[in-house]
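One structure below.
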Amino acid sequence: MNSLDFDFYESEDPLWNPALLTIPVPGIRKMVNLAATMDDVIHLSIGQPDAPAPPHVIQAAVDALEAGQTGYTMDAGLPELLEALAVYNNARYGRGISPENILVTTGATEAIYLALTAVSAPGREFIVPDPSFMLYAPLIRMNGGEVKYIPTRAENNHQLDPVEVIDAIGNKTHAIVLNSPSNPTGTVYPRETIEMIVQEAAYRGVYVISDEVYDHLVYDNREYASVLSCCSDLDHVMVISSFSKTFSMAGMRIGWMIASQGAIRKLRRYHMFTTTVANTPCQWAGVAALQGERGFIDRIVETYKQRRDRLVQLVEKTPYLEGYIPEGAFYLFPSLPDGVNGSNVALRLLRETGVCTIAGDTFGESCRSALRISYATSIDNIEKAFERIIPWMARQDFG
Ligand SMILES: Cc1ncc(COP(=O)(O)O)c(C=O)c1O
């Protein structure tokens, strides 16, 4: 633990709300900070697209700034963006979503924060896949909710078994968190999985909170099953997405939530007490992204697919790593042999070869023997990284 972590976790200063203790030691930051002190590091740790946003999207933000669009928007979001999001989602999922079903947020992160902290409370249980994006469990626990993890496994492509999820629903279950395509596994859930979970949840009065930020990054012409295309109404769902991954706009911080009008009205108030509104010029960039030419998406999907294919081949050749074919996002979450400490492996791999990956335990409790490898980087970098990883692994004795 470095001194910064010590301040955060061990300080007895009564100033701080003990709920902050639910925020785990940030595994990603630890690795990236160490990497920053080293030379010649190859990052397979990146959680954002490596290309800039399309030029017309950037231009729309510049134009908005030059036109003096520097004030607050309406609290739910820029009306033009709410309208464009309704049109876009209705065309994509064949629904009748209206602008009143949408809240524009500061990235998907704010929407996740609003959703989880607004519904989590002591005595409520949340079903969460393990591994999963590291925000969910701490935000649930911070407000007294409990997390029931459903482990997924590399030998099963980290697919979530809908029967396991349904069997886990009990009297205390309040919501189920889904994330397809998944960070950190890249797994895309088939329509049957989403339908079974969404239908049973609605029947039992359980919410489904679905993080769909990688909704366009799906390969091999697979169909993408959004919760929005699997629910009969919006009464028990909150669907979250953003421009960050699809349009390489992570730093522009525009996301959204789609839910029932009642839920959106509640969350609008909460949103005003957290971030007020999302960034105005970048909301205009969002309008341009949705209404402009979208060939960009096809091009990045093809690029990510080629990288994925090469990464899968290289992982197959690597001693001690068990991979699979991830169908979406830009991550692979290979297993190490049972009992091998993934955190030590990631740290030693960085120190001894200069390749930065993220340890599995950053993403849950059942995945200490795993690494997250990101392919949001060039094929050239991926090749060079494995020229270091393969001989290093071959020298280990993980028995
Ligand atoms: C699964 C998942 N959800 C949400 C986010 C955050 O997205 P945004 O940049 O829109 O806040 C990320 C970013 O890595 C992510 O991987």
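Site pair residue 272 and residue 16 shows an inter-label distance of 3.3 nm when each label is modelled 7 Å from Cα along Cα→Cβ.
The calculated 222 nm mean residue ellipticity attributable to helices in the chain amounts to -12500 deg cm²/dmol, summing -39500 (n - 2.57) over DSSP H runs of n ≥ 4 and dividing by all residues.
Can you tell me the FRET efficiency between residue 325 and residue 365 if r is taken as the Cβ-Cβ distance and R0 is 41 Å, rounded to the nearest 0.05? Mind showing how you got there, number by number?
Details: r = 25 Å, r/R0 = 0.61.
So the FRET efficiency works out to roughly 0.95.
Given R0 = 22 Å, the distance between the Cβ atoms of residue 220 and residue 199 translates into a calculated FRET efficiency of 0.25. Here the calculated FRET efficiency for residue 59 and residue 390, from their Cβ-Cβ distance with R0 = 35 Å, stands at 0.20, rounded to the nearest 0.05. Label-to-label distance, residue 80 versus residue 67, with points set 7 angstrom from Cα along the beta-carbon direction: 0.3 nm.
Ordered by the count of other Cβ atoms within 10 Å of each Cβ, fewest first, 265, 372 give 265, 372. Structure remark: mean-square fluctuation, Gaussian network model of the chain, C-alpha springs under 10 Å; the largest value among 188, 345, 208 belongs to 345.
The numbers here are math on the coordinates, done by the rules we state, and not lab data. Just so it is clear, the structure is predicted and the values come from calculations on it, not from any experiment. No Cβ is skipped: glycine too gets one built from the backbone with ideal geometry, and neighbour counts run over all protein chains shown.
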